Amino acid sequence: MGNILLVSEDNNVIEKYKKLFDNKYHTFGNCCTETTLFDKIETDPADVFIFDANVSFQNLTLILKKVKSILENAIIFLLTDDVEIDEEISKSVNSYILKSYSDKLIYLTVNSALKTKENIDRLSVRNSDMAESLYRLNVLYNTSSQFAGTLDIKELLSYMNEGLDRSLSFDLNYILSFGFENEPILIINSLYDVSEELIEALKVRAVSNYKSIFENRNIPYETDEKNLKVIKKVKNPNEKHPFTIFEYDNLFAPIDLGEQFFGCIEIFKKKSFTTDDAAYFQTIIRQVSLPLKSACLYNKISEKNKELEKLEQVKSDFISIVSHELRTPLTPIKNALSILSGGRCGDMSENATKFIDMAKRNVNNLTHIINDILDINKIEAGKMVFNYKTMNIHSVIENVKNNFDCVAREHEIIFDTIEQPDLPEIYADSQRLEQILTNLVSNAIKFTPCGKHITIKSELKNSSDIISANSYFENELKTLNGDYIVVSVMDEGIGIKPENLVRAFDMFTQIENSLTRKVGGTGLGLPIAKQLIKAHKGVIWCDSEEEKGSNFHFAIPVIKETIQAKILQKELV
C-alpha cells in the first residue's frame, strides 16, 4: 500500500481526495508550511505528492526541487485549474491533474502513478543488488588475481583480509594460523583498537572454535591460548572495541588445505550478515586455500633447499679437507718410493722391487681417485677452471695414444688410432679434453681382454648424421646443430647391458659384473667426462653390446667462421 501526500489549503479539495483514496491508500493533507512538510517527509515519506498550485508557499518551485532532491523516485503531481503552468515548476513535477478531471480519471491517474513508483522502486532495488553483486565479483576477481601472484603466506592472508573487508565491511576478524612462522599465531584485523582483555577473550574463543572443528577426532595441532603469538592490525587506533562485540553477528570457517589444516577465521559485524554475505565469505576462503597450500609447499621446499645447500657446503668442505689431508702425505710417499726404486738407497732384492712397484701403482691410483673426487666437487660447485683456446683435436689424441701405448702392451691389447685428415679447429680446453679421452681409454683397457682391439677414431660429422643405437641418448643428440668433431673410443671388451647403459654416466655407479668388482674404481670417470663435455657445448654418448664391446663417443662443435668463433667463445667463457 502506497502513501499519498496532498498539499493543499482548500478543505473541499482535501475532503474530495480523502474520499477518493482513503479506502485503498494512506492519505493525509495540509502540510502547508515548509517546516511541517519536510518534518512529515522525514517521518513518513510519501510515494506520490499532489501539490495544489494555489497553495501559499513563498517559493513553490524551490519546494518542489527540494522534495525531488530528498525523494529522488517520488512522483509529483501539480493540481491546477490551468494547463499552462510555469516552465520552472514543470521541470520539477512528473505531471499535472486538472481540477476539472472526473473522480474516476483522478483515481486512475494517481493509481497508475503509484504502480509506476512501485516498479521504479523494485527496479532500483534490483539495480542496487546488481551493482553490489558486480562490485563483489570485481573484488573477488581482483583478490583472486592477487592470490595467483604470490607464494608468500603473509601476503596471501593480507589479500584475503582486504577482500573480505572491501566486500563485507566487518568490524573485526581473527585468523588462527598453524602454517605461519612455525608456531600458532592469532592475527587480529580490527576497525578499532582492541584492549588486552579483549585480546585474551579472542584467544580463548579462537582456540575453543578451533578445537570444536575436530570434536571426537584428533586435532592436528596441540595448542592453548597461552601459547598463541598475537599480531594486531588496527585501522582507527583512536577508538576501542567494546566487549559487546561478541554480541555482533559473526561468520566462522576453517581454512583447510586438503591433507593439511592451516587454521580458521571468524569475522564480526554489528550489522547482520546476509545469505549473500555468507556465500561470499565461504567463496573467498575456498579461493585462498589452493594458493596457501602452494605457499606452504613452497616454504617447505625452500627450507629443504636451504638445508641441502648447507649439507652440500659441508660435503664440499669435507671433501676439500679430506682430499688435502690425503694428498699431503702422498707426495712424500711417492718421492720416497721413487728414491727406493731408483736404487739411491742401495740395491734391493727382486721381491722388494716388486712390492715397491705395487706401492707406487697404488699411490698413483689413490692420487687419481682424489683428483676425480676433487674434480666432481669443483664441477658441482661451478668452480672448475677452463682454459679455452683455438686448437686441433689431433694433438690431444696423439698425447693420449703415447701415454697409453706401454699400458696397452702390458695388457697385451692392440691399441691404434684412425684419424680423418685435415680436421677443422675447435675452441676448447686441451687439458680437459685430454682428461676426458684418458678416462675413456683407461676404462676401455680395464674392461678389454688380452688380444683384443682398442681404437681411437676422429672424424667430421654434421649433426644430422650423428645418431645413437640407444634411444636413451636421442634427446641429447637432437640438441646438436651444425658440424662437430666426433671422437670415439671403440673396444672389444665385455660390453654393457642395455638396462645398465642408462646408468653409465651416473655418479658413483659401476656396472655389476665380476670384472668390474675386480678392477674397482670410484665410478666418477664418466660423470666427470659428461660434465666437461657439457662445458664445451658438446654431447657424450655410448653404444654397446654385451660381450662384443663398447663405443664411447663425444662431439665438440667446429669453428667455421670468425663470427661463430666469437659467439662460441662468449658462451664458453
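What follows is calculated from the coordinates using simple rules that are stated; it is not laboratory data. As the structure is a computational prediction, the values presented were derived from the model and not from experiment. Note that we place each Cβ from the backbone using ideal geometry, even for glycine, and neighbour counts take in every protein chain shown.
Add -39500 (n - 2.57) for each DSSP H run of 4 or more in the chain, then divide by its residues: what number comes out at 222 nm, to the nearest 500 deg cm²/dmol?
After summing the helix terms and dividing by the residues of the chain, the value is -17000 deg cm²/dmol.
I'd like the antiparallel share, as a percent to the nearest 5, of DSSP beta bridges with both residues in the stretch 145-302.
70
Cα centroids of the stretch 327-341 and the stretch 446-495: how far apart, whole angstrom?
39
Suppose R0 equals 45 Å; then what is the FRET efficiency for K270 and N227 from their Cβ-Cβ distance, rounded to the nearest 0.05?
The calculated FRET efficiency here is 0.90.
Straight distance only, please: which lysines reach the Cα of K226 with their own Cα at less than 19 Å, same-chain residues fewer than 8 apart left out?
In chain and number order, the partners are K203, K211.
Note the angle between two axes, namely the Cα long axis of helix 153-168 and the longest principal axis of the Cα atoms of the chain, as a number of degrees from 0 to 90, rounded to the nearest 10.
In the chain, helix 153-168 runs at an angle near 20 degrees to the longest axis.
What spacing in nm lies between the two simple spin-label points modelled at N182 and N138, each 7 Å away from Cα in the Cβ direction?
4.4
In the set (i) 39.3; (ii) 25.1; (iii) 51.5, which value of mean projected area of the Cα convex hull in nm² was calculated from the structure you see?
Comparing each candidate, only (iii) matches the computed number.
What does the C-alpha gyration tensor say about the overall shape of the stretch 3-123? Classify as rounded when a/c is under 1.5, otherwise prolate if a/b is larger than b/c, or oblate.
Because its axes are fairly even, with a/c under 1.5, the stretch 3-123 counts as rounded.
Which order do K315, K446 fall in if you start with the one that has the fewest other Cβ atoms within 10 Å?
K315, K446
About the Cα centre, and with charges only on the beta carbon of Lys, Arg (+1) and Asp, Glu (-1), how big is the dipole of the chain? Nearest 20 debye, please.
Computed charge dipole of the chain: roughly 1260 debye.
Considering the dipole of the stretch 347-479 built from charges on the beta carbon (Lys and Arg +1, Asp and Glu -1) around the Cα centre, which of Q420, I397, S430 is farthest to its positive end?
Final value for the positive-end residue is S430.
Given points 7 Å out from each Cα along the Cα-Cβ axis, report the V314 to T455 separation in nanometres with one decimal.
5.2
Once you've got the Cα coordinates, tell me which of K232/K300; K401/K530; K401/K534; K300/K530 are over 28 Å apart.
In this structure, K300/K530 lie more than 28 Å apart at Cα.
Among H394, H241, rank each residue by its count of other Cβ atoms within 10 Å, from fewest to most, as a rough exposure measure.
Neighbour counts put them in this order, fewest first: H394, H241.
Could you give the dipole magnitude of the stretch 371-430 about its Cα centre, charging the beta-carbon of Lys and Arg +1 and that of Asp and Glu -1, in debye to the nearest 20?
Taking the Cα centre of the stretch 371-430 as origin, the dipole is about 300 debye.
Leaving out same-chain residues fewer than 8 places away, which lysines sit with a Cα under 16 Å from that of K560?
Output for K560: K389, K461, K537, K570.
Once you place label points 7 Å from the Cα toward the Cβ at S56 and I467, how far apart are they in nm?
Those two pseudo-labels are separated by 11.5 nm.
Among all the aspartates and glutamates, which ones have a C-alpha under 17 Å from K16's C-alpha, if same-chain residues fewer than 8 places away are not counted?
Qualifying aspartates and glutamates at Cα under 17 Å: D52, D81, D103.
Any chance you could give the angle, 0 to 90 degrees and rounded to 10, that helix 196-213 forms with the longest Cα principal axis of the chain?
It is inclined by approximately 70 degrees.
Could you list R217, R432, R503, R136 in order of exposure, starting from the residue whose Cβ has the fewest other Cβ atoms within 10 Å?
Ordered from fewest to most neighbouring Cβ atoms within 10 Å, R217, R432, R503, R136 come out as R217, R503, R136, R432.
About its Cα centre, what dipole magnitude does the stretch 177-272 give when the only charges are +1 on Lys and Arg Cβ and -1 on Asp and Glu Cβ, stated in debye to the nearest 20?
340
Measure nothing but the geometry: give the 0 to 90° angle between the long axis through the Cα atoms of 103-148 and the longest principal axis through the Cα atoms of the chain, rounded to 10°.
The helix 103-148 is inclined about 20 degrees to the chain.
By how many nm would the segment from N335 to D405 lengthen if fully extended, with 0.36 nm per residue of separation less the alpha-carbon distance?
22.7 nm
Just how far, in whole angstrom, is the stretch 390-416 from the stretch 206-264 if you go by their alpha carbon centroids?
Comparing the Cα centres of the stretch 206-264 and the stretch 390-416, I get a distance of 76 Å.
So how many Lys-Lys pairs in the stretch 46-173 land under 16 Å Cα to Cα, not counting same-chain pairs under 8 apart?
Step by step, the pairs that qualify in the stretch 46-173 add up to 4.
Calculated FRET efficiency, T328 and M358, Cβ-Cβ r, R0 22 Å, to nearest 0.05?
Working from the Cβ atoms, E equals 0.50.
Using only alpha carbon pairs under 8 Å that are at least six residues apart, calculate the relative contact order of the stretch 3-123 and give it in whole percent.
25 percent.
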